[in-house]
Amino acid sequence: MQYDVIVIGSGMVGTSIAWHLQKNNSKVLVLDKKAPGEETSYGNAGLIQREAVYPKAFPRQMSEILKVLPNTRTDIRYRWSALFNYQSALYQYWTNSTPNKLTKIEDEWATLIEHCTSEHDVMIQASGADDLVRKGGWFEIYRTQEKFDYAIKLAERAASKGVQYKLLTPEELKAYEPNVNFDEFIGGIHWQNSWQVKNPSRLVKTYAKSFEAMQGEIKQANVKTIEQNDEGIWQVTVENNSGEMTTYTSNHVVIAAGPWSTELTRPLGYDFPLFPMRGYHQHFKVDEANRIGHSLFDAEKGYLMGPMDQGIRITTGAEMTTLNAPKNFGQLEAVLKIAKNVLPLEEAVESEAWCGSRPCMSDMKPVIGPAARHPNLWFAFGHAHQGFTLGPATGRLVQEMINDKPLYVDATPFSAQRFGN
């Protein structure tokens with residue numbers, strides 16, 4: 001069967017792209033080896049982060065770099081294999097984190113973030129997902145005055161970009177969350193116009209069901225090859241779970257496979273400076289002693305605890321490692337020792353913690369737009385920790401590009417061609 005568009009990837013980004021295209025009368029097929037929302041979009045903090053106007057820069061001060069070297073921190077860890085494999089991309093990441101370059105990158109990044117909640121809301125309303133979203137914001141909490149003062153300065157700047165916030169004392173935090181031990185904290189920031197999602201995977205699945213209700217198709221299979229014939233038609237060959245090979249054809253192909261995207265782009269001649277960052281999470285059973293209503297980010301320790309359908313989700317900071325490296329739960333174990341002093345966490349839900357990887361680009365911006373050398377080939381990946389937040393905004397932008405409509409934001413900063421051909 002001939003499709004208008006094949007989207008490869010069924011996370012938040014791929015699903016949102018497919019949804020927007022199908023809604024605008026394209027015949028769309030989504031391909032992924034897993035069901036929608038079962039990979040990177042499954043494990044995240046469950047936040048739609050309107051406040052995330054600052055991408056995560058590489059530390060520039062030697063004092064900060066030296067703190068990372070012992071590799072015992074809870075917010076960031078690394079493996080030597082990853083530093084070697086991604087050395088070129090990491091060097092570019094470091095050079096792009098200079099103050100002059102970073103200011104420009106932040107301004108460009110913010111043009112997408114400012115639409116994240118409004119674009120999610122379009123899909124929430126259309127798919128009937130209101131019950132999954134809480135619009136009361138979340139808390140970022142601080143242990144030292146120096147770090148808190150710096151965070152306040154950033155929040156003041158963020159307000160000029162439409163971010164709404166309120167400073168909270170420990171007493172005010174306690175009034176919101178009486179089960180939390182705030183004894184070691186001096187205050188916090190309430191990010192008021194960011195949203196919480198109580199089941200991130202289910203939100204992606206709900207969007208996917210809405211896509212299917214519009215006659216969109218989703219097939220679970222492993223993409224093996226992507227080729228364009230002499231007539232310009234794309235041929236995508238996949239292998240299903242039983243080893244059977246099938247080829248699908250389309251006018252356009254969108255690669256939105258998160259950290260696996262470069263495995264699909266390299267055979268086509270495109271090698272992007274993308275590197276994965278791994279995160280871990282584990283759920284704990286909820287009782288009257290640990291029930292919370294807001295997600296809380298322990299900013300100086302780099303972990304988050306949030307109320308989910310599955311229980312209290314504890315997420316780690318980032319681990320720089322390769323995609324297929326074995327799991328290492330040391331970072332999570334260190335996080336849990338701290339988190340259990342903040343909130344009673346007695347019984348884990350899962351026998352083993354989840355882990356997954358996020359696609360990070362060397363200049364901290366996603367790749368969104370057409371390929372340089374192949375007509376009707378499109379890229380949408382590299383959103384780092386904000387793919388869940390930016391999926392619908394990206395979906396709308398890609399749909400406008402493919403259908404040659406006026407773009408609601410300037411896509412130039414996200415062009416694939418910024419890295420050359």
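Data overview
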| quantity | calculated |
| --- | --- |
| Alpha-carbon centroid distance for the pair the stretch 115-184 / the stretch 242-272, whole angstrom | 37 |
| Between the stretch 1-56 and the stretch 280-308, the alpha-carbon center distance in angstrom | 26 |
| CD proxy at 222 nm, helix term only [per DSSP H run n ≥ 4: -39500 (n - 2.57); per residue of the chain; nearest 500] | -9500 deg cm²/dmol |
| Mean separation of Cα contacts under 8 Å (6+ apart) over length of the chain, as relative contact order % | 27 |
| Of the DSSP H helices in the chain, those whose Cα atoms cover at least 15 Å axially and whose Kyte score averages 1.0 or more | none |
| Estimated dipole of the chain in Debye, rounded to 20 [Cβ of Lys and Arg +1, of Asp and Glu -1, Cα centre] | 520 |
| Inter-part distance where the stretch 381-421 and the stretch 64-90 are each reduced to a Cα centre, Å | 29 |
| Members of Lys224/Lys405; Lys34/Lys285; Lys101/Lys161; Lys67/Lys365; Lys135/Lys365 lying beyond 21 Å, as alpha-carbon distances in this model show | Lys224/Lys405; Lys34/Lys285; Lys67/Lys365; Lys135/Lys365 |
| Among beta bridges that DSSP assigns inside the chain, antiparallel share in %, nearest 5 | 70 |
| Taking Met214, Met12, Met62, Met320 and counting other C-beta atoms within 10 Å, the order from fewest to most | Met62, Met214, Met320, Met12 |
| Leading residue at positive end of dipole, the chain (Cβ point charges), from Tyr42, Leu69, His283 | Leu69 |
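Quick note: the coordinates plus some simple rules give every number you see, no bench work behind them. Model, not experiment: these values are computed from the prediction. Note: ideal-geometry Cβ built from the backbone for every residue, glycine included; neighbour counts use all protein chains shown.
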